Amino acid sequence: QLRFPEHVRRCEDAYFVQDYLLCCREISVTAKKLYRYVQRDGSAMHSFYEGVCDDEIPLMQRQYELFHGQPLTETEEQSYGLWEWGKVLAILRYIVRYAPKKQQAQYICQIAKTSNCISFSVLKSLPLGKKAKLLILFLRKGVYGPLPYLLKII
């Protein structure tokens, strides 16, 4: 009964995988890359999609609920925070690269407000460098001008 969501254009695979994992009795995890991700020009990942926040924000909320369905250890919480931070960085890079300049702040603000890893409580536990923490400070304060520069060096 599992299907890719038809209303989602970006990250539909992540929605599917999460639903699939919830059906599993056991899973195994490996650090090995067992697939090759092929990117094509003109794909949803390489052109701006106005519904980016409509797809990504509910997914981030679903993933938070999945991983926090039971109490996490400090190490697990830190791992989750780092994973979410990587996801936020990828979305920000996409917005800065492909969104029209006039709309970038609007999309960035929506993602920043949704991300749990930008909160002070989670941020304190993440082993991030000074540049990443500076980027988070700008996001929390709503200062988006230096984002393209900071995203390039992080």
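Can you tell me which of 26-36, 99-109 comes out highest on packing, and rank the rest after it, using the mean Cβ neighbours within 10 Å?
On the way: 26-36: 5.3, 99-109: 14.3.
The peptides rank, most packed first, as 99-109, 26-36.
Write down the accessible area per residue of the stretch 18-73 in Å², having rolled a 1.4 Å probe over the full set of protein chains. Working shown, then result.
Details: 4650 Å² over 56 residues.
I get 83 Å² per residue for the stretch 18-73.
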### Message
Taking all protein chains in place and a 1.4 Å probe, what share, in percent, of the accessible surface of the chain do carbon and sulfur account for?
### Response
53 percent
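If R₀ is 35 angstrom, what is the calculated FRET efficiency for the pair LYS141 and GLU74, using the beta carbon separation as r and rounding to 0.05?
On the way: r = 28 Å, r/R0 = 0.79.
It comes to 0.80.
Can you tell me, using C-alpha contacts under 8 Å and at least 6 residues apart, the relative contact order of the stretch 57-154 as a whole percent?
Numbers: 57 pairs, mean separation 31.4, N = 98.
Over the stretch 57-154, the number comes to 32 percent.
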### Message
Only helices at least 20 Å long along their own axis, judged from Cα atoms, and with Kyte-Doolittle mean hydropathy of -1.0 or greater: name those in the chain from DSSP H.
### Response
52-67, 74-98, 101-114
### Query
Loop-only check: which GluC sites (Glu not before Pro) in the stretch 48-114 are DSSP coil with at most 12 other Cβ within 10 angstrom?
GLU50
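Work out how much length SER125 to LYS32 would gain on full extension: take 0.36 nm times their residue separation and subtract the Cα-Cα distance, in nm to one decimal.
Taking SER125 through LYS32 to full extension adds about 30.9 nm, to one decimal.
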### Query
Per the Kirkwood formula on distinct C-alpha pairs, the Rh of the chain is how many angstrom?
17.0 Å
### Query
Taking R0 as 25 Å, what's the FRET efficiency between MET45 and TRP83 from their Cβ-Cβ distance, rounded to 0.05?
0.85
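The values are calculated or read from the model by the stated rules, or taken from the named source; none is laboratory data. Since this is a predicted model, take the numbers as computed values, not measurements. Don't worry about glycine lacking a Cβ; one is built from the backbone with ideal geometry, like all the others, and counts go over all protein chains shown. With ligands, DNA and RNA removed, areas are computed over all heavy atoms of the protein, side chains included. Shrake-Rupley method; radii C 1.70, N 1.55, O 1.52, S 1.80 Å.
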